[in-house]
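The values are calculated or read from the model by the stated rules, or taken from the named source; none is laboratory data. None of the values given here were measured: they were computed from a predicted structure. With ideal geometry, Cβ positions are generated from the backbone for all residues, glycine too; neighbour counts draw on all protein chains shown.
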Amino acid sequence: MHLLRRGVAEPSHSVQNKLALRGKPQTTIAKHVGKLGHAPMIMRSVSVLAVLGRGLLPADTPFIRADDLGLTRGDGIFETVHVRHGKPWKLDEHLARMARSAARMNLDLPDLRGLAELACEQWPVDQEGALKLVCTRGVDGAEEVTCYATITPVSEKLIALRTAGISVTALSYGYPAAARTEAPWLLGGVKSLSYAINMASQRWAQANGFDDALWVSSDGYALEGPTSTLVWRKGERLLTVPAKLTGILAGTTARYLLDRAAELGLVAGEEMVTPAELVEAEGAWLISGIRGPVPIRKLDGVELRTDSATNLRGLLGF
Ligand SMILES: Cc1ncc(COP(=O)(O)O)c(C=O)c1O
C-alpha cells in the first residue's frame, strides 16, 4: 500500500510460526512511518507469493522484469480480496470485476481462480489477510501478460479503525461527476494499476492531519475514497454513489451490503450526494473489502453523527 517505505526488514516469529502451520514461513516485517490512523504502524511485507505459470515462490523472489509495462506505465489491473478463515471472501465478485477491468483495458486475462486458491491455502486460518491479484500487460513487446498473487496480513491498525473511525477531508477530483462516463479512455470503473493519484490523495490528506480523503467532483458531488466506497444512511435508506453515473469503482463490499440492507431494516439506494448533505446524514462510512466499514467521524473538521444502531460490521462479518 502507500505505506510501504524505507522499512528495515526483520523476521516476524509469531506470523512465521502461524504460517509454518500451513507449511510456508515466509513473512518479514518492515517498520514504516505512514498511517491510516494516527500512530506510526508496523506494516508487513509480502508473506505469500504465487506466480502464474511458476506456482509458489519464496515471497521475496524478485521476478518482475524491469521492462514490464505494469512497472513502467502502471499498465495493468488488480484486485484486493479479503482472506478470512483461510478463504478468499467474495472471490467470484472480485474475479468478475477483474474480468470487466480487463475487457476495458483490452487485456487478455487468464483464469486466476486457481492461483488465488493456491495462495490462500498457504495462509493461516486464524489471520485476516489481503490477497492481491495482479495482471500486467507484461514485458514490452512480448504480448504475454504477467500475473501473480500475494497475500499480506491486514494490519491491526486498520482493524482498529473499524471501531475508532476516521477523520476525512474532501479533496477535488478535478472533473465533473459524469466526465468518466463520457470518456472511456479515462477508465472509469476500472481497477487499474495506476493508483499513484489515489496514493497521493491519501498522503496529502495525512500530511494535513486527516486520516483519509473523499474525492469530490468539480460540480460538487462526493464520489469515493481513494481506496474505498462511500456509504451513508439517510433515514430508512442505506445509500451509495451510483457507479454507472460517475465512473467510480463499483465496490464489491458496498454491493454486498446494499443487497442485504433489508436485514438491517433499511432500503438500499444509489444517489448523488454533496459533502454538506453527508453532514446531515445519520451516519457515513468509507468501506472496502479489506478495511471493512469504517465510520467517518469528522469531515473537514465537522463532526458527523455516529450511527451505532446500523451494524454494518455485523452484516459484513468484520
Ligand atoms: C477506488 C476504490 N473504490 C472503492 C474500493 C472498494 O472496493 P471493494 O469493496 O471491492 O474492496 C476500492 C478498493 O480497493 C478502491 O480502490
In this structure, does Gly225 turn out to be in contact (Cβ under 8 Å) with a residue 12 or more places away in the chain, small (Gly, Ala, Ser) and within 13 Å of the ligand (Cβ to nearest atom)?
yes
Against the definition (at pLDDT 95 or above, surrounded by 21 or more Cβ atoms within 10 Å (Cβ to Cβ), away from the ligand (no atom under 13 Å from the Cβ) and among the charged types (D, E, K, R)), how does Arg291 come out, yes or no?
no
Mind checking whether some residue in the stretch 131-138 is surrounded by fewer than 21 Cβ atoms within 10 Å (Cβ to Cβ) and either over 22 Å from Thr229 (Cα atoms) or touching a residue at least 60 places away in the same chain (Cβ under 8 Å) (or both)?
no
Scan the stretch 167-181 and give yes if some residue there is crowded, with 23+ Cβ neighbours inside 10 Å, of a type outside the set (Lys, Arg), within 15 Å of the ligand (Cβ to nearest atom) and under 30 Å from Val51 (Cα atoms), otherwise no.
no
Can you give me the ranges of the strands (runs of 3 or more DSSP E) entirely in the stretch 124-194 with at least 1 residues that are modelled with pLDDT of 95 or more, basic (Lys, Arg) and closer than 26 Å to Arg84 by Cα?
129-136
Among the residues in the stretch 297-309, are any surrounded by 23 or more Cβ atoms within 10 Å (Cβ to Cβ) and not aromatic (Phe, Trp, Tyr)?
no
Residues satisfying the stated conditions in the stretch 199-210, i.e. buried (at least 19 other Cβ atoms within 10 Å of the Cβ) and within 11 Å of the ligand (Cβ to nearest atom):
Ser201, Gln202
Ala213 being within 12 Å of the ligand (Cβ to nearest atom), part of a helix (DSSP H, G or I) and within 22 Å of Glu271 (Cα to Cα)
no
When the stretch 52-101 is examined, which residues are found to be more than 16 Å from the ligand (Cβ to nearest atom), crowded, with 18+ Cβ neighbours inside 10 Å and modelled with pLDDT of 95 or more?
Leu52, Leu56, Asp68, Leu69, Gly70, Asp75
Unmet requirement for Thr240, which otherwise passes all of (1) free of Cβ contacts under 8 Å to residues at least 40 places away in the same chain; (2) surrounded by fewer than 20 Cβ atoms within 10 Å (Cβ to Cβ); (3) polar (S, T, N, Q):
(2)
Quick one: which of Thr253, Thr246 is crowded, with 23+ Cβ neighbours inside 10 Å, within 14 Å of the ligand (Cβ to nearest atom) and over 18 Å from the mean Cα position of the chain (by Cα)?
Thr246
Any idea which residue in the stretch 256-281 is nearest to Val216 (Cα to Cα), counting only those that are among the acidic types (Asp, Glu) and within 16 Å of the ligand (Cβ to nearest atom)?
Glu270
Taking the condition of being in contact with a Phe, Trp or Tyr (Cβ under 6 Å, 6 or more places away or on another chain) and within 14 Å of the ligand (Cβ to nearest atom), how many residues in the stretch 228-239 meet it?
1
Residue pairs, Cβ under 9 Å, 6 or more apart or interchain, first in the stretch 204-218 and more than 21 Å from Ala276 (Cβ to Cβ), second surrounded by 23 or more Cβ atoms within 10 Å (Cβ to Cβ). List them.
Trp204/Ala213; Gln206/Asp212; Gln206/Ala213
Cβ pairs under 7 Å, 6+ apart, first in the stretch 289-308 and free of Cβ contacts under 8 Å to residues at least 40 places away in the same chain, second crowded, with 23+ Cβ neighbours inside 10 Å and small (Gly, Ala, Ser):
Leu304/Ala284
